[in-house]
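Let me begin by presenting the structure, written as structure tokens, before commenting on it.
Since every read-out is calculated from the coordinates, none of them should be taken as a lab result. Remember, it's a predicted structure, so these values are computed and weren't measured experimentally. Cβ sites come from the backbone with ideal geometry, for glycine too, and all protein chains shown count toward neighbours.
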DNA sequence: GGTCCATATCATTCCTCGCTGATATGTTGT
DNA sequence: ACAACATATCAGCGAGGAATGATATGGACC
């Protein structure tokens, strides 16, 4: 718990880094995108089709995921193909599912905070 | 990606469950609390001292974490001792640190979204 | 070069959530 | 029963960010 106040000089502590990374995953749209990319690399319009999200919305989230280093992109003709940047990401998603097996009902029940937004349509 | 639209009847799809769980971790205050509890079970006032968060704030977050099943509580005299509910949680936190080793700079650089809030003081 | 398609950007709106301050509940010891 | 401490609850404020619609960029093919 020393690290709670550590890195105060750098402006971003270990905890804040963790929180920021978690935030990257804490959105249904981004999870839908990552889930689709976990199966295969996809171009933007393919992601749009599969997730049924709007194109600007997907593009915005992809930029966020790209800046965060969670996905990578390669130009492929007129398309830009996105892919998961590291197998650690799929590993993390699997761990979350494993944890959900234990705490699923609890998470559903939590109405105070973490109400969250729903995936559109 | 069929599961994106699955469970529409239940109101909560797999993706939304995942997002909700991630949200539980996507806050510096809750991460500080969980980090402290990972080392040892603690009473509320001890968490307040270590994290330097306000007492109502800690209490609110603990309620959220308790409802979500991420922590458990036992009465111990006039104290209420909180503890991590499952070793899978510490495992998840370790995975996040492992992923951070890879994408740390990227996450720091992401200014578009996920600006996040800082830990107080 | 011009048109089409794929993708990115911008401004605005709306909603969620975290923090605070005051207060309520509850438990222990005298 | 009362005093003191530990914890929980509540209303209100403020900020961050997600989605939308319109628009801009940019490569590919004729």
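Summary table below
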{"quantity": "Inter-copy spacing of residue B:112 label points, which lie 7 Å from Cα along Cα→Cβ, given in nm from shortest upward", "calculated": "3.5"}
{"quantity": "Least to most buried among B:16, B:46, A:52 (fewest other Cβ within 10 Å first)", "calculated": "A:52, B:46, B:16"}
{"quantity": "For residues of B:43-50, the mean tally of beta carbons on other chains within 10 Å", "calculated": "1"}
{"quantity": "Zone of residue A:109's modelled label, taken as backbone nitrogen in region B:71-100 under 13 Å from a point 7 Å along Cα→Cβ", "calculated": "B:71-73"}
{"quantity": "For region A:2-109, alpha-carbon Rg and Dmax in angstrom", "calculated": "16.0, 50"}
{"quantity": "Rough spin-label spacing in nm, given labels placed 7 Å along Cα→Cβ, for residue B:83 and residue A:14", "calculated": "2.3"}
{"quantity": "Distance in nm between pseudo-label sites at residue A:39 and residue A:60 (7 Å out along the Cβ direction from Cα)", "calculated": "2.6"}
{"quantity": "A from B by rotation - nearest chain B beta carbon to the axis, in Å", "calculated": "B:26, 2"}
{"quantity": "Estimated inter-spin distance, residue B:90 and residue A:91, nm [label 7 Å along Cα→Cβ]", "calculated": "1.9"}
{"quantity": "Exam field: residue B:41 pseudo-label spacings to other copies (7 Å along Cα-Cβ), nanometres", "calculated": "5.1"}
{"quantity": "Ranked list, fewest to most other Cβ atoms within 10 Å of each Cβ, for A:22, A:79", "calculated": "A:79, A:22"}
{"quantity": "Inter-copy spacing of residue B:80 label points, which lie 7 Å from Cα along Cα→Cβ, given in nm from shortest upward", "calculated": "4.9"}
